[in-house]
1. May I ask you to list the residues in region 27-61 that are at pLDDT below 95, farther than 17 Å from residue 8 by Cβ and not in a helix (DSSP H, G or I)?
2. Mind checking which residues of region 62-80 are surrounded by fewer than 13 Cβ atoms within 10 Å (Cβ to Cβ) and either closer than 15 Å to residue 11 by Cβ or of a type in the set (Gly, Ala, Ser) (or both)?
3. Which residue, of 66, 55, is touching a helix residue (DSSP H, G or I) at 6+ places or on another chain (Cβ under 9 Å) and among the β-branched types (Val, Ile, Thr)?
4. Residues in region 10-22 that are outside any strand (DSSP E or B) and either crowded, with 18+ Cβ neighbours inside 10 Å or in contact (Cβ under 8 Å) with a residue 40 or more places away in the chain (or both): how many?
5. Is it the case that region 32-40 has a residue that's under 11 Å from the mean Cα position of the chain (by Cα), at negative phi and not charged (D, E, K, R)?
6. Taking region 81-101 only, how many residues are part of a helix (DSSP H, G or I) and either surrounded by 18 or more Cβ atoms within 10 Å (Cβ to Cβ) or of a type in the set (Lys, Arg) (or both)?
7. Among the candidates 26, 47, single out the residue that is within 12 Å of the chain's Cα centre (by Cα), of a type in the set (Val, Ile, Thr) and surrounded by fewer than 17 Cβ atoms within 10 Å (Cβ to Cβ).
8. Report every pair of residues separated by at least 6 positions or lying on different chains whose Cβ atoms are under 9 Å apart, first residue within region 52-63 and under 19 Å from residue 80 (Cα atoms), second of a type in the set (Gly, Ala, Ser) and exposed (fewer than 10 other Cβ atoms within 10 Å of the Cβ).
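The values are calculated or read from the model by the stated rules, or taken from the named source; none is laboratory data. Just so it is clear, the model here is predicted, and its values are computed rather than measured. Using ideal geometry, Cβ is built from the backbone for each residue, glycine included, and neighbour counts are taken over all protein chains shown.
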Amino acid sequence: MRRIVEDLIRVEGVIGGLLVGKDGLVVASTLLDEEDAEILGAMSAAVFGEIDKATKRIGVGTLIDTIIDAEQGSILMLESKYNILLVVITQRMVNLGLVKMEMRRAAKRINEAVPI
């Protein structure tokens with residue numbers, strides 16, 4: 001699993017990535033500071049869950065992915081099967097389309113790697 005996340009940081013402009021359970025527990029991380037990874041993991045799971053509730057409530061269905069755009073970069077989140085979130089942190093100047101495409105590939109690899 002860690003290898004899948006490590007492959008994502010090879011994309012130009014990606015500075016970190018995590019795999020997080022929907023419960024907020026970090027499965028794998030490329031962040032050097034373990035405490036930062038745990039905080040980001042917990043917050044990502046909570047934010048993704050709340051946005052998912054909102055999208056369902058307003059009638060647009062289950063949340064698939066989201067981008068949080070900030071002053072100096074973005075945080076992208078994508079849900080794969082088995083309640084695992086893929087979270088990627090990017091610099092401001094990044095090709096978000098390329099990052100999303102690579103995240104979808106990574107999610108497919110996660111889905112294949114997790115035994116049923």
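1. 33
2. 70 - this is the single residue of region 62-80 that is surrounded by fewer than 13 Cβ atoms within 10 Å (Cβ to Cβ) and either closer than 15 Å to residue 11 by Cβ or of a type in the set (Gly, Ala, Ser) (or both).
3. After applying the criteria, what remains is 66.
4. So the answer is 4.
5. Yes, there is a match, as at least one residue in region 32-40 is under 11 Å from the mean Cα position of the chain (by Cα), at negative phi and not charged (D, E, K, R).
6. Within region 81-101, residues that are part of a helix (DSSP H, G or I) and either surrounded by 18 or more Cβ atoms within 10 Å (Cβ to Cβ) or of a type in the set (Lys, Arg) (or both) number 2.
7. Residue meeting the stated conditions: 47.
8. Pairs found: 55/61.
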